[in-house]
Amino acid sequence: MGDKSVRSEMEELRLKCEKDIQLHHHSTLASLQSFRKSLESQSSIAQSTFQNQAKLGKLKAQLRAAEDDFVKALALKTRKEAKRMAMMDSMVATKERVDKLKRLVEERKSRKDEYAEIISRQSKVLSACEEKCKDSECKEQIEEAISWYNRVLGFRIECGHGIKFVFNKINPNDPKEEYYFTVRHENDVYSLLDCDPYLNDTKELITELNKSNGLFQFVRTMRKKFEATTCGTNPNYVTVGQDTSTISASAPVSSISTGSRSQSPVKQKALQAGDNDRLPKKVNRGKGRLSDIKSPENSSVRRSPRLMNNCSHVKKDVLHRK
């Protein structure tokens, strides 16, 4: 009885253990399947994570490139903004300067108008003073100088178809004997119209005169040759008078043609003063004014500025020689 009960208990325990084993087996299988499913899920997640990491690396590289581009764009924008601000400042400064210059121009313009008015008034006063001077002292001094030249030097200039240079006080035996030559200047050309006494080498002298424009030296040379003829030392002297002739060559300086017309001495003096005012202030090789040496009895003429300017030096040289 005791053995049976033990066996039955053992049997029950065995059955119970088998049931427990089956339950544990089923539970283990279920756990294993669940683990396998979990492992497969984790494997897919890991693979997905690996792919995502690769994508993340690419995105990071793109992000760094984008950041670099952004930094460059920001730097460019900053430079452009700085340049724009500098241009704005420059424009403002330029505008201020323009406004300042406009105000300065307006001020200078008003001063210019004021000065022009003052100059106009002073010019009128000066013109009146000059007219008074011309009408009084200048004419007296010119007439006195002309008279002195004619009286002491024995040299005078006569105007007509050309400019006639007359010398006396050359021949010691006959101081009143006159030596003369006539020069015409027209169309930039000097021409010798007359010479008494006649000299053979006047053609070369005229050619040299047209080349050098040295009327002063030409008149000096002619006087020396006249002096030489009185001493009998000039081999070119010929006693035959010269007809009105023209020896010309091109001259380097422009001039006004001379013409012939005659007026009274009083009118002539007035014309001389007016012509001297209108003559251009032009510097030639011969300087001076014809009105300082021209004699009162000469007839008026439309004069060449170059010829007139050279005449004064001729008389000054003769004065120096005396």
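Readers should treat all values here as calculations from the given coordinates under stated rules, not as data from a laboratory. What you see is a predicted model, and the numbers here were worked out from it, not measured in a lab. Glycine gets a Cβ as well: all are built from the backbone with ideal geometry, and neighbour counts include every protein chain shown.
Quick notes on this one:
- Over 25 Å apart at the Cα level, from the set Lys164/Lys211; Lys58/Lys80; Lys176/Lys203; Lys100/Lys124, are Lys58/Lys80; Lys176/Lys203; Lys100/Lys124.
- Once the chain from Lys4 to Gln51 is taken as fully extended at 0.36 nm per residue, the excess over their C-alpha distance is 10.1 nm.
- Electrostatic dipole magnitude of segment 81-153 [Cβ: Lys, Arg +1; Asp, Glu -1; Cα centre; debye, to 20]: 600 debye
- Net charge, Glu106 excluded, C-beta distance under 13 Å - Lys, Arg +1, Asp, Glu -1: +3
- FRET efficiency, 1/(1 + (r/R0)^6) with R0 41 Å, evaluated for Phe70 and Leu32 via beta carbons: 0.15
- Scaled to the globular estimate 2.2 N^0.38 Å, the Cα spread of segment 13-93, given as radius of gyration, is 2.86.
- Along its first, second and third principal axes, ordered by size, segment 81-153 spans 92, 29, 6 Å in Cα coordinates.
- Using the Cβ-Cβ distance between Lys134 and Glu227 with R0 set to 30 Å, the FRET efficiency from 1/(1 + (r/R0)^6) comes to roughly 0.20.
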